[in-house]
Amino acid sequence: MFRHSLGIGTRLAIIIVCFSLTAIIAVAMTAYRALNHDFGAILAQQQAYEAQRVSTMVSQRLQTRLAMLDSFSTTLTDGDNRLPTSRIEAFIGRKSALLELFPNGLLVLDEKATAIAESVFVQDRIGTNYADRAHFARALETRQPVISRPIIGRTTGVPILSFVVPIESDADDLLGFLAGSINLNETNLIPSDALKLSQRQQAQLLVVDTENFLYVESAEEEGGIRSLPSPGENPLIDAALSGMGLGEVTGPDGNQLIYATSHLERLGWLFIRAVPKDRANAPATESFRQFFKISLIIILVILPLGFLVTRSAMKPLDQMTQRIRNMSSSGASSTRLEVAGPPEVRNLALAFNQLQDERDATSKIQEDFLSNVSHELRTPLTSMNGALKLIASGVVGKLPAKADEMTRLALRNSERLQLLISDLLDFNKLTAGEMQATMATQPLAPIVMQAIEDNQATAREHRLVLTGHCDAELIIHTDAHRLRQILDNFISNAIKFSPDHGEVRVEAQSAPDGMVRLTVSDQGRGFPEQFRERLFRRFAQAEAGTKRASKGTGLGLAICRELTLLLGGRIGAYNDRGAHFWVELPITGARESES
């Protein structure tokens, strides 16, 4: 019901807004997905960069330690031979800067990798041979500086990282080795700035020994070197060790993580950096919210503009519709619509004007036909009616009862047909402007009383009471005969549509604007409200198809309307516990009271 009550302009405005909303939501969702993807890719690249950066920084710090140890090894020889052990012990004990880099101590070994001097005393370390260690074996073979993988100190029993450089003479003869180590449980290899950045970004930063499957460093967990979890326990570690250097994974807590890895080949270490995927969704969500807010503002701007545009586009159609209604209600057939405006409006106006031309032509043919038929029928019908009256009056002799009944039936139908023809002729004269009114100033009361008296027989026949009231002082300037036609039509209709034992009343009273109003009212059901606009059109009947409608010609009220216009008055009707038909005519003065 609500949908059918909306105008085309309102529907177009709603369509514009709906399409705009749909388009904005579609664009917003597409942009949101694209932003999520882009921010995810950026975040993944950021993790790859950070992992690579930390890997490089750790490698540089390890290389710095190894370079300083290599540089110090040259001071442990006189050019041809290794310095005496006592001098070496005294010498390495004073290198505080170097000892800070190797808090686990420095160790000097002979050319066979047997410990001969140490900066930090460890029980039973002097005299221990380390040639069986993999990194010492590599140093003996290559005579190049070497960094071990995480190992357990042979005498200390703690996880360490061992640095070994050869001690050589000027002639490149191997004189021994200088070794330093760091305790991985006590030394943090990851730079502090990288750790702080990871904390700010809620990132995990891990260093994994891929050969021994050990944690080397963990930014979140304490405890130093320890074994990696079993496969399946930590999806992040499993994904990193699978060879996928970049991707997404569901963490142990069920949250999505974006991770990247970087490999430090020389040590076999894998640097892993991971952040929650929500960090990618958050800026995308914020951007989406901003976009949606702007979109809503745009919608609020589009809504009134769309409504104004559609209303402006529909205004010519509304005006045209109103003009058509006015033409329809006024019964004017000569009015044409102006052919102007957009093509659709012009085409509609042309189509309507063409339809109006055809309607006028059809109406003219109908009027001519009715006029000709009425004129042709009137003369023979008058003769037939007169003959039937003579026969019914007994002039030709007394008729048998059956013949008398048939004669009177034929007379009644003849009189109805004559009335119809008279109405048709009167209406044609009125619409053609050929009917003249004989206007005279006269009292209104005699006209009203005579109309009541002449219709009393019909009222009694229908078991109705016909009453009236008119102020004897009212005088009007009118044609009494034409006014009687109006009143007779009103009274006839009121009698036709009144219930048995009801009352039909005729009243005359003063009205505003120097007019007098005559009202004929009944106690029937009244006319249908949807029929109000067609009440005074020709051949219009509110109860078409019913027995009561068949008793009328459908021209009475149309004739009343034309007669009222001829007399310079107004006509109308309303419902109020019955139908009330009224006509207003000009007042010319008040009758002088008899003294």
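The values are calculated or read from the model by the stated rules, or taken from the named source; none is laboratory data. Owing to the predicted nature of the structure, the values given are computational and were not obtained by experimental measurement. Cβ atoms come from the backbone with ideal geometry, glycine included; neighbour counts cover every protein chain shown.
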Quiz prompt | Number of the condition not met by Pro103 [criteria: (1) in contact (Cβ under 8 Å) with a residue 24 or more places away in the chain; (2) over 24 Å from Ala171 (Cα atoms); (3) assigned to a helix (DSSP H, G or I)] | solution = (3)
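Okay, residues lined up against (1) touching a Lys or Arg at 6+ places or on another chain (Cβ under 6 Å); (2) under 29 Å from Arg289 (Cα atoms):
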residue	(1), (2)
Ala28	no, yes
Arg33	no, yes
Asn36	no, yes
Gln47	yes, yes
Gln52	no, no
Met57	no, no
Gln60	no, no
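Out of curiosity, is Thr85 more than 22 Å from Thr187 (Cα to Cα), of a type in the set (S, T, N, Q) and in contact with a Phe, Trp or Tyr (Cβ under 9 Å, 6 or more places away or on another chain)? Give the steps one after another, and end with the answer.
Details: more than 22 Å from Thr187 (Cα to Cα): yes; of a type in the set (S, T, N, Q): yes; in contact with a Phe, Trp or Tyr (Cβ under 9 Å, 6 or more places away or on another chain): no.
Answer is no for this residue.
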Self-check item: When residues of the stretch 567-595 are limited to those that are at pLDDT below 85 and surrounded by fewer than 17 Cβ atoms within 10 Å (Cβ to Cβ), the one farthest from Arg532 (Cα to Cα)
Solution: Ser595
Quiz item: Does the stretch 168-194 hold any residues that are surrounded by 16 or more Cβ atoms within 10 Å (Cβ to Cβ) and within 60 Å of the chain's Cα centre (by Cα), and which are they?
Solution: Leu189, Ile190, Ala194
Quiz prompt | Single residue of the stretch 493-525 satisfying the filter (in contact with a helix residue (DSSP H, G or I) (Cβ under 7 Å, 6 or more places away or on another chain), over 23 Å from Glu473 (Cβ atoms) and not acidic (Asp, Glu)) that is surrounded by the fewest Cβ atoms within 10 Å (Cβ to Cβ) | solution = Lys496
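Would you point out the residue of the stretch 461-485, among those that are of a type in the set (D, E, K, R) and in a loop (DSSP other than H, G, I, E, B), that is surrounded by the fewest Cβ atoms within 10 Å (Cβ to Cβ)? Steps first, please.
Filtering the stretch 461-485 for residues of a type in the set (D, E, K, R) gives 461, 463, 471, 473, 479, 482, 484.
Retained after the next criterion (residues that are in a loop (DSSP other than H, G, I, E, B)): 463, 471, 473, 479.
Details: Arg463: 11, Asp471: 17, Glu473: 14, Asp479: 18.
This residue is Arg463.
Let's see how each residue does on (1) touching a strand residue (DSSP E or B) at 6+ places or on another chain (Cβ under 6 Å); (2) more than 16 Å from Pro145 (Cα to Cα):
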residue	(1), (2)
Arg61	no, no
Asp70	yes, no
Ser73	yes, no
Pro84	no, yes
Gly93	no, yes
Exercise. Filter the stretch 331-349 down to residues that are in a helix (DSSP H, G or I) and exposed (fewer than 13 other Cβ atoms within 10 Å of the Cβ) and give me whichever is modelled with the lowest pLDDT.
Key: Glu344
Quiz item: Between residues in the stretch 452-467 that are assigned by TED's automatic domain parsing to the domain that holds Ser521 and residues that are of a type in the set (Ser, Thr, Tyr), which pairs lie under 9 Å by C-beta distance while being six or more apart or on different chains?
Solution: Ile452/Thr467; Asn455/Ser492; Thr458/Ser492; Ala459/Ser498; His462/Ser498; Leu464/Thr458; Leu464/Ser498; Leu466/Thr458
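When you scan the stretch 423-443, do you find a residue that is within 30 Å of Glu503 (Cβ to Cβ), assigned to a helix (DSSP H, G or I) and at pLDDT 70 or above, even just one?
Kept after step one, since they are within 30 Å of Glu503 (Cβ to Cβ), are these residues of the stretch 423-443: 423, 426, 442-443.
From the residues that got through so far, the ones that are assigned to a helix (DSSP H, G or I) too are 423, 426.
With at pLDDT 70 or above added as a condition, the list becomes none.
No - not one qualifying residue is present in the stretch 423-443.
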Self-check item: All positions within the stretch 257-308 that are out of contact with any strand residue (DSSP E or B) (no Cβ under 8 Å at 6 or more places or on another chain), touching a residue at least 40 places away in the same chain (Cβ under 8 Å) and hydrophobic (A, V, I, L, M, F, W, C)
Solution: Ala284, Phe288, Phe291, Phe292, Ile298, Ile299, Ile302, Leu303, Phe307
Quiz item: Across the stretch 139-183, what is the number of residues that are in a strand (DSSP E or B) and farther than 30 Å from Phe213 by Cβ?
Solution: 7
Exercise. For Arg359, work out the one condition from (1) surrounded by 11 or more Cβ atoms within 10 Å (Cβ to Cβ); (2) of a type outside the set (Phe, Trp, Tyr); (3) modelled with pLDDT under 70 it doesn't fulfil.
Key: (3)
Self-check item: Selection from the stretch 486-526 of residues that are assigned to a helix (DSSP H, G or I) and either more than 21 Å from Gln442 (Cβ to Cβ) or in contact with a Gly (Cβ under 6 Å, 6 or more places away or on another chain) (or both)
Solution: Asn489, Ser492, Asn493, Ala494, Ile495, Lys496
Self-check item: Number of the condition not met by Ile15 [criteria: (1) farther than 30 Å from Leu257 by Cα; (2) touching a residue at least 12 places away in the same chain (Cβ under 8 Å)]
Solution: (2)
Quiz item: Could you give every pair whose Cβ atoms fall below 6 Å, whose first residue belongs to the stretch 387-403 and is free of Cβ contacts under 8 Å to residues at least 60 places away in the same chain, and whose second residue is of a type outside the set (Ser, Thr, Tyr) and assigned to a helix (DSSP H, G or I), counting only separations of at least 6 or pairs across chains?
Solution: Leu388/Ala410; Leu388/Leu411; Ala392/Arg408; Ala392/Leu411
Quiz prompt | The lone exception for Ile152 - which of (1) surrounded by fewer than 16 Cβ atoms within 10 Å (Cβ to Cβ); (2) out of contact with any Pro (no Cβ under 7 Å at 6 or more places or on another chain) it fails | solution = (2)
